[in-house]
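Below is one structure; the comments refer to it alone.
Derivation of every value follows stated rules applied to the coordinates shown; laboratory data play no part. This one's a predicted model, so the numbers in the text were calculated from it and none came from an experiment. Positions of Cβ are backbone-derived with ideal geometry, glycine not excepted, and every protein chain shown enters the neighbour counts.
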Amino acid sequence: MSELIFRSEGLTKVYRTGDVSVYALRGVDMRLHAGELTVLLGPSGSGKSTLLNILGGLDRASEGRAWFRDHELTAMTDRELTAYRRDHVGFVFQFYNLVASLTARENVELVTEIARAPMPAAEALAMVGLDHRLDHFPAQLSGGEQQRVAIARAIAKRPEVLLCDEPTGALDSKTGIQVLEALERINRDLGTTTVVITHNAGIQAMAHRVVFFADGRINEVRENATRARPAEITW
Amino acid sequence: MHVLDRKLLRDLRRMWAQVLAIALVLACGVMILVLAIGVQRSLEDTLEAYYERNRFAEVFSGAKRAPDMLLSEIRALPGVRVAETRIVGQVVLDLPGLEEPAAGRVVSLPDVDVPALNLPLVLTGRPPAPDAVDEVMVTRAFAEANGFVPGDRFSANLNGRKRTLTITGTALSPEYIYVLGPGAMLPDNRRFGILWMPRRALAAAFDLQGAFNDVSLALTRDGRAEEVIPALDQLLAPYGGAGAYGRAEQASHVFIEGELTQLRALARILPPIFFLISAFLVNMVLARIVTLERGVIGLMKALGYSDAAVAGHFLKLATLVSLIGIAIGWSVGSWLAQGMAKLYTEFFEFPYLVFQPRAGSYAISAAAGVATAGLGAIQGVMRAVRMPPAVAMVPPAPPSFKRGAVDRMATWARFSQPSMMVLRGIGRWPGRAAFSILAIAASVAILMSASFFPDSLDEIIDTSFFRQNRQDAMLILTGDRADSVVEDARHLPGVLAAEPMQYLPAVLRHGHLSRRIAVEARDPDATLSRVTDAAGRPVTPAGDGIVLSDRLAERLDVVPGDRIEMQLLTGRRETLTLPVSATATVYFGLGAYMDRAAMARLLRQPPQASVVNVAMDRDKARALYAAAKDTPGLAGTVLLFQTRTAFSETIARNILNTTVVYIVIAVLITVGVTYNGARIQLSERARELASLRIIGFTRAEVSYILMGELMLLSFLAQPVGWAMGWAFAYAQVKSFSSDLYTLPFVMTSATYAKASLVVLAASAVAALIVRRRIDRLDLVAVMKTRE
Ligand SMILES: Nc1ncnc2c1ncn2[C@@H]1O[C@H](COP(=O)(O)OP(=O)(O)OP(=O)(O)O)[C@@H](O)[C@H]1O
Ligand SMILES: [Mg+2]
């Protein structure tokens, strides 16, 4: 059994708006393994993004505890969380979140300039197959290309974990597969622990481990004996 | 360069018009600071150095004829460090190439050595030789205006003796930086100059051997003018002392101080307005940018950028905007300062370049500019910093609208939907709307305070030259003469009417308040020179009463009916108590007026004249001028018809410059506010407006929603602006008002209308520029982009 990278105990998140309380997480106990590609599945509103945000240090839990290796995320100050995100985590978002006024290369440099041991921006873009699009602005790229720039940006710092919230959500099947291939290759070649949230059940076939979410809790965890290649996934 | 900085520059380039609009408003504040502080400091430094180096005296007094022996007693007065006596007199000059007589003030130079006080700075040639009787050194301005160089000659009537004088050199003096001839209202270097001659020659000419009629003092470190002045007055009293005064009442110094006061006021009042408006614009634009850049802010935080880095990014943006403004303000300010310095050299006689760029004024203005931008940015920056990284990932919720009073009113008034949208837009950002109104109102106010000036000056010209001083010329006599001179004057060629007037230097007192002043005594039936009240009706003193100008009455805190004390500084130096019979509206000087016959009665002597006012036939002017040059007892002439034109011309030129500057400034503010407002609304409402277009609204209808709000705000700003403009102009009148002159407060409806027209036109143009963007709105693209 490989080393644990994320662990949580009774993780709970409550949103209070006015006098209504929304339970986004209701006591999540979970373990994720280093080097694995995990897929998170579950209905809309079940708390997937909330969990990912807490694991990525973007948000705080209301109750319970979570660890990244030996570091307790739920005990960190804002400053420590910022350093944690800077040094260990790469994010990929559903809507890419590229800076419109920066080129592909510059969007990646946004990370490499502040990271400890980054790879050159051009190298990161080459890993997602975009070495010929270095100086294009986001508006000059297709959706799939934009998402791959976002992946290059996330991996350029050589993060230990790559957290992706619906990375193919805005893409058609062909470009979606290109993105998944990039994720899969990074997981394989760099050994980056990768968590992918998706609504596309087909994607679970490429995961080492699949976590099923419902109503703020983990319903089921399944390990795949054999994994499909992204190209084989049906949309 | 850091990628974020590259982003910053690209963002700035994309928003260049908005950035420039803000930077220009900021530049106005910076410019005025550079200009006012720079010129003020330069002037102060120049003045201080000049006074110091050329030993400008601190206390001055004239006398009729005081024996030289008195000097040792004056020197012995406590607080006196240096005392020097001189002979000073008025002369009529006959200058080559000038038909009318000119006047001069002759000032003696000591027999041995150079003056201990009020040392002339010799520019060309040399001072006259101590024993020469026909050599003279003149002021530079006088020489230049008349094309004189050393060696040239002119003729002068020295106390009735006509003499040809040879110019030996030109000079400047700290005592005569601002030179006004007797009775003149503006410097006229062609017709009035300062002449330095050896003491011996003047003593002979004015029958003052072994005597002096002028004394200047410098004080010890702890000597105080207020203590020395009464002591000096006491010593000079038996010798016709004309009342000692300090620098605060020295004519040239007072004018420069007045200028300095105005510069200080300029630096204090206007820049804060511009900085406030720029801070508001930065605030408004940055708020919008932070909203639009939520995703980027969230991204930066997710990537591990610290709060300081996020704050720094937006602060840099604001700082860059301010740097552009500062650069523009610096260059325009320096350029204007040069121009202003040039203007000063026209009115003031300084020995060296007045304006040197002041590191201080640049530093202060830059600090103010950067601080302004920072202040405006703070709110937006704090919002960016406070955004939790996770929330920054989700798109912003649509702004919440509430049904409020506006809606109920609008429903009741059955406004159309587009009009409702306009009103709701204002209701949604009431703070922003209120400040936009204030900023636009400030432009209206600035324009009003510029355009009220010409009206005010028209009123001055009308009152001073056409109601009060209607004489064509003043013949200034060398001393008080018997009334027969009036008869003589009537017989001069070309003189149509002549009226006597007497000047009596006096101190007027009421309680602890006092003013040194020349009381004017006239005949009650005088029509050439008289004073009028606020309504333009002539005011004549009743019996033994005295008429005071409004300002003098204010300074002495008296109203008609009160009694004041008048201590004469000539003759037997009597002290009289008089009733104030009325007040008059006078714009130049602090006037006090009496009946000449009553004055004579009070002084128990026959009526006298020190000036004869004449109306003349201009066709016979040449003959009159020739006669005047040879009339003994004449100290000078003031040609009022020339003063009138000179005054109007100088004023017209300066007003044109000021008005242009003010219009530019007001347009910049209006465009800055309206254009940025429109761009921000367009950005906020692009989707809304595009949706309306898609469901079939026309461009005009959609533009109406956007421009409607702006134009509505501009209209609402007008009455606010009128009120502000009224207050601005009033404050200006108050700040301009000094013992030397005052401005009438004249507000015509044209002033209101002109200001409003310019501002409404400027905001309409700004709105139209943005309207072009609505016309080009790419409907598909707008609907596709995620807010
Ligand atoms: N900022 C917030 N304030 C209030 N409630 C929130 C907030 N963020 C999330 N929620 C609620 O928390 C619950 C979980 O949200 P979450 O975004 O984690 O779901 P999800 O599984 O990612 O859904 P989806 O698949 O639609 O993205 C939802 O009911 C949501 O409405
Ligand atoms: Mg989600």
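Shielding by partners for peptide A:108-114, expressed as the average number of C-beta atoms from other protein chains within 10 Å of each residue's C-beta, is 5. Built from the Cα atoms of the range B:56-253, the convex hull projects on average onto 10.5 nm², one quarter of its surface area. Averaged over peptide B:85-97, the number of partner chain Cβ atoms lying within 10 Å of each residue's Cβ comes to 0. Per-residue ellipticity at 222 nm, computed for chain A from helices alone with -39500 (n - 2.57) per DSSP H run of at least four residues, works out to -8500 deg cm²/dmol. Extension gain, B:Asp557 to B:Arg772, is 71.2 nm, computed as 0.36 nm per intervening residue step minus the present C-alpha separation.
Between B:Ser419 and B:Val765, the distance separating the two model label sites (each 7 Å from Cα on the Cα→Cβ line) works out to 3.0 nm. Sorting B:50-60, A:135-145 by their mean Cβ neighbour count within 10 Å, with the most densely packed peptide first, gives B:50-60, A:135-145.
Label-to-label distance, B:Thr645 versus A:Ser44, with points set 7 angstrom from Cα along the beta-carbon direction: 8.7 nm. For peptide A:97-104, the mean count of partner chain Cβ atoms within 10 Å of a residue's Cβ comes to 6. Here's the picture: charge each Lys and Arg Cβ at +1 and each Asp and Glu Cβ at -1 in chain B, and of B:Ser451, B:Gly181, B:Tyr245 the one pushed furthest to the positive end of that dipole is B:Ser451.
Sparsely packed loop sites in the range B:524-574 (the GluC sites (Glu not before Pro) outside DSSP H, G, I, E and B with at most 16 other Cβ atoms within 10 Å) comprise B:Glu574. Working note: 222 nm ellipticity from helices only, DSSP H runs with n ≥ 4, each -39,500 (n - 2.57), summed and divided by the residues of chain B, gives -18000 deg cm²/dmol to the nearest 500. What separates the Cα centres of the range A:59-98 and the range B:455-484 is a distance of 87 Å. Our summary gives chain A a relative contact order of 26 percent, counting only alpha carbon pairs under 8 angstrom and 6 or more residues apart. Across the cross-link table entries A:Lys48/B:Lys7; A:Lys157/B:Lys7; A:Lys13/A:Lys174; A:Lys157/B:Lys316; A:Lys157/B:Lys301, which are compared at the Cα atoms, the separations over 24 Å belong to A:Lys48/B:Lys7; A:Lys13/A:Lys174; A:Lys157/B:Lys316.
Computed log10 I(q)/I(0) for the range B:495-616 at 0.19, 0.20 Å⁻¹: -1.01, -1.12, from the Debye equation with unit scatterers placed on every C-alpha and solvent omitted. Need the C-alpha centroid separation for the range A:1-52 versus the range B:201-238, integer Å. Each part's Cα centre sits 98 Å from the other's. Each of B:Val133, B:Val114, A:Met30 was scored by the projection of its Cα onto the charge dipole of the protein assembly as shown, and the greatest displacement toward the positive side belongs to A:Met30; charges sit on the C-beta of Lys, Arg, Asp and Glu.
Once the C-beta distance of B:Ala723 and B:Leu757 is scaled by a Förster radius of 25 Å, the resulting FRET efficiency is 0.90 to the nearest 0.05.
Between the helical axis of B:307-347 and the dominant principal axis of chain B, each derived from Cα atoms, what acute angle in degrees is found, rounded to the nearest 10? On a 0 to 90 degree scale, this one is about 30.
Fully extending the segment from B:Ala597 to B:Glu346 would add 86.1 nm, taking 0.36 nm per residue of separation and subtracting the current Cα-Cα distance. Only one residue of B:Phe348, B:Leu292, B:His313 has its Cα farthest out toward the positive end of the dipole of the range B:267-383, where Lys and Arg carry +1 and Asp and Glu -1 on Cβ, and that residue is B:Leu292.
When only the Cβ of Lys, Arg, Asp and Glu is charged (+1, +1, -1, -1), the dipole of the range B:475-563 relative to its Cα centre reaches about 340 debye.
A crude spin-label estimate for the pair A:Val14 and A:Glu123, with each label 7 Å from Cα along the Cβ direction, gives 4.8 nm. If you wrap the protein assembly as shown in the convex hull of its Cα atoms and look at it from every side, the mean projected area works out to 54.6 nm². Between 0 and 90 degrees, the angle of helix A:78-88 with respect to the longest Cα principal axis of chain A falls at about 50 degrees. Dipole magnitude for the protein assembly as shown: about 2880 debye, using +1 per Lys or Arg Cβ and -1 per Asp or Glu Cβ, origin at the Cα centre. Between helix B:294-303 and chain B, what is the angle of the helix's C-alpha long axis to the longest principal axis, kept within 0 to 90° and rounded to the nearest 10? The answer is roughly 80 degrees. Geometric descriptor of the range A:4-232, per residue, is 127 Å³ (volume of the convex hull of the Cα atoms). Shown here is the pair-distance distribution of chain B: with all Cα-Cα distances grouped in 10 Å bins from zero up to the longest one, the shares run 2, 11, 18, 19, 15, 11, 9, 8, 4, 1, 0 percent. Please find the FRET efficiency linking A:Arg158 to A:Arg222, where r is the Cβ-Cβ separation and R0 is fixed at 30 Å, and quote it to the nearest 0.05. My answer for the efficiency is 0.55.
Close amide H pairs (under 5 Å, H built 1.01 Å from N) link A:Gln94 with A:Asp165, residues at least 5 positions away or on another chain.
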